[in-house]
Amino acid sequence: MNLNILIAGVGGQGTLLASKILGNYAQLSGADCKVSEVHGMAQRGGSVVTYVRIADKVYSPLFDKKQADVVLAFEELEALRSAGHIKDGGIVIVNTQNIYPMPCALGAAEYPSDIYEQLSKYNAKIHRIDAIGIAKKLNDIRTVNIAMLGFSAAVLNFDKEMFISAIEKSVAKPTLEINLKAFEQGYMQTAKGENP
């Protein structure tokens, strides 16, 4: 396995837990993994970008623009902001959620209405998932990240049982059941053909 994954979201969406789970999955599969949150704000609402590199041997967690095999975007505008990292033929997985950044919330800027049109200019396969919808149905908004990972695991043909083991290793016992439900719901979205 040799993958560069960029996770982009906003504070409070669980991007760091998602990177931890991916790291545990890599280790369970016998690969090396390094993770780095290089910028962003940990507080709710600020942009957070995390680099995840998986290979036989990883020397640095960082990679340059146009080197991401996968951009995992927890919000639509964050997908657009991170699109320059995707390599030709890469994959962008987008949670169809809008979280207005402060300039948009204050009316000083407009949230883009043509995000997918702009994303289509990149030579990448774009997948969409309503992870926020899954989380709401489960009555736990904190499960957006796990629903995203479930969908991603299916798209990337990751070993499902090994991924479940990585989740079990990463999340607190009281939240395990709801997180496994979110994973399964996300995983099943690809079978339903709900990604364009």
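The values are calculated or read from the model by the stated rules, or taken from the named source; none is laboratory data. No experiment lies behind these values; they were computed from the predicted model shown. Here the Cβ positions follow ideal geometry from the backbone for every residue, glycine too, while neighbour counts run over all protein chains shown.
At-a-glance table
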{"quantity": "Lys125 vs. criteria assigned to a strand (DSSP E or B) and at pLDDT 95 or above", "calculated": "yes"}
{"quantity": "Exclusive hit being more than 19 Å from Ala18 (Cβ to Cβ) and among the β-branched types (Val, Ile, Thr), set Ile91, Ile129, Ile115, Ile146", "calculated": "Ile115"}
{"quantity": "Total residues in segment 121-146, condition surrounded by fewer than 16 Cβ atoms within 10 Å (Cβ to Cβ) and of a type in the set (A, V, I, L, M, F, W, C)", "calculated": "1"}
{"quantity": "Candidate set: segment 85-140, residues that are under 18 Å from Thr15 (Cβ atoms) and among the small types (Gly, Ala, Ser); chosen: the one nearest to the chain's Cα centre (by Cα)", "calculated": "Ala131"}
{"quantity": "Any hit, segment 26-42, residues being under 20 Å from Ala182 (Cα atoms), surrounded by fewer than 23 Cβ atoms within 10 Å (Cβ to Cβ) and either touching a helix residue (DSSP H, G or I) at 6+ places or on another chain (Cβ under 9 Å) or in contact (Cβ under 8 Å) with a residue 24 or more places away in the chain (or both)", "calculated": "no"}
{"quantity": "Any hit, segment 61-77, residues being within 18 Å of Ile141 (Cβ to Cβ), surrounded by 17 or more Cβ atoms within 10 Å (Cβ to Cβ) and among the aromatic types (Phe, Trp, Tyr)", "calculated": "yes"}
{"quantity": "Lone qualifier among Leu156, Leu149 - being among the hydrophobic types (A, V, I, L, M, F, W, C), surrounded by fewer than 21 Cβ atoms within 10 Å (Cβ to Cβ), in contact (Cβ under 8 Å) with a residue 24 or more places away in the chain and closer than 26 Å to Ala68 by Cα", "calculated": "Leu156"}
{"quantity": "Inter-residue pairs, beta-carbon under 8 Å, first among the basic types (Lys, Arg) and in segment 162-185, second not in a helix (DSSP H, G or I), 6+ apart", "calculated": "Lys181/Leu138"}
